[in-house]
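What follows is a set of notes on a single structure, which appears directly below.
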Amino acid sequence: MRTDARRHHDPQVRGFASDNYAGAHPEVLAAIALANGGHQVAYGEDDYTGHLQRVMHSHFGPTAEAFPVFNGTGANVVALQALTDRWGAVICAESAHINVDEGGAPERMGGLKLLTVPTPDGKLTPELIDRQAYGWDDEHRAMPQVVSITQNTELGTVYTPDEIRAICDHAHERGMKVHLDGARIANAAASLDVPMRTFTNTVGVDVLSLGGTKNGALFGEAVVVLNPDAVRAMKHLRKLSMQLASKMRFVSVQLEALLAKDLWLRNARHANAMAQRLAKGVRAIDGVEILYPVQANAVFARLPHAVSERLQKRFRFYFWDETAGDVRWMCAFDTREDDVDAFLQALKEEMAR
């Protein structure tokens, strides 16, 4: 087969900006090729999407239903719409991805009001939720209907199953539902060393946004309905939100490749281990402060602004709070020990200048 495509990048170059920078895992690419060829029914009626439902049952029980979508923002917006009325609001952490990094999509595309709460570590608690959980009969206030949490959080911290159970019990007692943004759910499960069900449907989460891209997929996530009684019109909302893939088999087969066996867990454990290696090295460098517990695949640190700017010329990464000098370093399924060690050496050199 002839191709005129050429490689336009150096595949040996890796940075610490985002786990989205990583390519697709070879096993995922092989699965896409396996699903190619011949005709399959479009819009989710294909054999691969059908089999994905059985894979989801193995992780989340027989009532779980997956709705593959293109991306994480789409998953979150579709899920939250399915859980709310037009007058509904969503309580979330101030640092939540739906509040900070989705371009206003929940508000503009989903028509939702986000009720945010400052948190010290990215994690909500029943007490923090109660700062916004009021006014259900006040027509002047958007009605709190959903609590949305992220696992692991945007600050790299991980909820324990008991913490999520407490949130679910508290929300349900007040007539609210619970959504979990699981863009990095695999990293959280690897960190806790428990199955994903242990901190989702088992403890009361109603709907899950299941991430694939950050865990080795080429593209694709899924809304996983864990409590069928909590949602309505999911398939219509997915289409309305422009998240219905015509050739859905190529999304579904990627999630199957990750989840049918243990690829999802292998990838997450490796990324987490690289973050621990990075954190251990950082702690030995004077003048660099780690800001939050390193519980998944992210390291948040504070160091002199000028050092970060010089270091960014050697490795890609982002400022988290440029004014304070806070940065975020992310590890991925393909981060190598040599990558971490080279970064630490560069950090030492720049700190010494």
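Quick check, is residue 183 surrounded by 24 or more Cβ atoms within 10 Å (Cβ to Cβ), of a type in the set (A, V, I, L, M, F, W, C) and more than 18 Å from the chain's Cα centre (by Cα)?
Judged against the criteria, residue 183 is not a match.
Out of curiosity, is residue 76 assigned to a helix (DSSP H, G or I), farther than 21 Å from residue 166 by Cα and free of Cβ contacts under 8 Å to residues at least 40 places away in the same chain?
Details: assigned to a helix (DSSP H, G or I): yes; farther than 21 Å from residue 166 by Cα: yes; free of Cβ contacts under 8 Å to residues at least 40 places away in the same chain: no.
Against the criterion (assigned to a helix (DSSP H, G or I), farther than 21 Å from residue 166 by Cα and free of Cβ contacts under 8 Å to residues at least 40 places away in the same chain), residue 76 does not qualify.
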>> Being on the phi > 0 side of the Ramachandran plot, surrounded by 13 or more Cβ atoms within 10 Å (Cβ to Cβ) and under 20 Å from the mean Cα position of the chain (by Cα) is the filter here; which residues of segment 100-146 pass it?
In response: 122
>> Can you say whether residue 254 is polar (S, T, N, Q), within 22 Å of residue 189 (Cα to Cα), without any contact (Cβ under 8 Å) to a residue 24 or more places away in the chain and out of contact with any Pro (no Cβ under 8 Å at 6 or more places or on another chain), as far as the supplied structure shows?
In response: no
> Among all residue pairs at least 6 apart or on different chains, which show Cβ distances below 9 Å where the first residue, located in segment 58-70, is in contact (Cβ under 8 Å) with a residue 60 or more places away in the chain and in a strand (DSSP E or B) and the second is open to solvent by 30 Å² or more (accessible area, probe 1.4 Å) and of a type in the set (S, T, N, Q)?
Replying inline: 65/53; 66/53
> If you go through segment 11-22 one residue at a time, do you hit one that is in contact (Cβ under 8 Å) with a residue 24 or more places away in the chain, open to solvent by less than 30 Å² (accessible area, probe 1.4 Å), among the charged types (D, E, K, R) and farther than 29 Å from residue 298 by Cα?
Replying inline: no
> Any residue at all in segment 238-251 that is within 27 Å of residue 165 (Cβ to Cβ) and either open to solvent by 10 Å² or more (accessible area, probe 1.4 Å) or touching a helix residue (DSSP H, G or I) at 6+ places or on another chain (Cβ under 9 Å) (or both)?
Replying inline: no
> Just for helices (runs of 4 or more DSSP H) wholly inside segment 119-222: which have at least 2 residues that are touching a helix residue (DSSP H, G or I) at 6+ places or on another chain (Cβ under 9 Å), in contact (Cβ under 8 Å) with a residue 40 or more places away in the chain and closer than 25 Å to residue 85 by Cα?
Replying inline: 126-129, 161-173
> Which condition breaks for residue 262 when tested against (1) open to solvent by 70 Å² or more (accessible area, probe 1.4 Å); (2) at pLDDT 95 or above; (3) more than 30 Å from residue 58 (Cβ to Cβ)?
Replying inline: (3)
>> Quick check on segment 27-49. Is at least one of its residues open to solvent by less than 50 Å² (accessible area, probe 1.4 Å), assigned to a helix (DSSP H, G or I), closer than 30 Å to residue 318 by Cβ and of a type in the set (Val, Ile, Thr)?
In response: yes
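Take segment 287-314 and flag every residue that is assigned to a helix (DSSP H, G or I) and either open to solvent by less than 50 Å² (accessible area, probe 1.4 Å) or β-branched (Val, Ile, Thr) (or both).
Initially, segment 287-314 is screened for residues assigned to a helix (DSSP H, G or I), giving 305-312.
307, 308, 311, listed by residue number.
The values are calculated or read from the model by the stated rules, or taken from the named source; none is laboratory data. In this text the structure is predicted, and so the values were computed from the model without any measurement. Neighbour counts are summed over all protein chains in view; Cβ atoms, including those assigned to glycine, are modelled from backbone coordinates with ideal geometry. These accessible areas exclude ligands, DNA and RNA; they are computed on the full protein's heavy atoms, side chains included. Shrake-Rupley method; radii C 1.70, N 1.55, O 1.52, S 1.80 Å.
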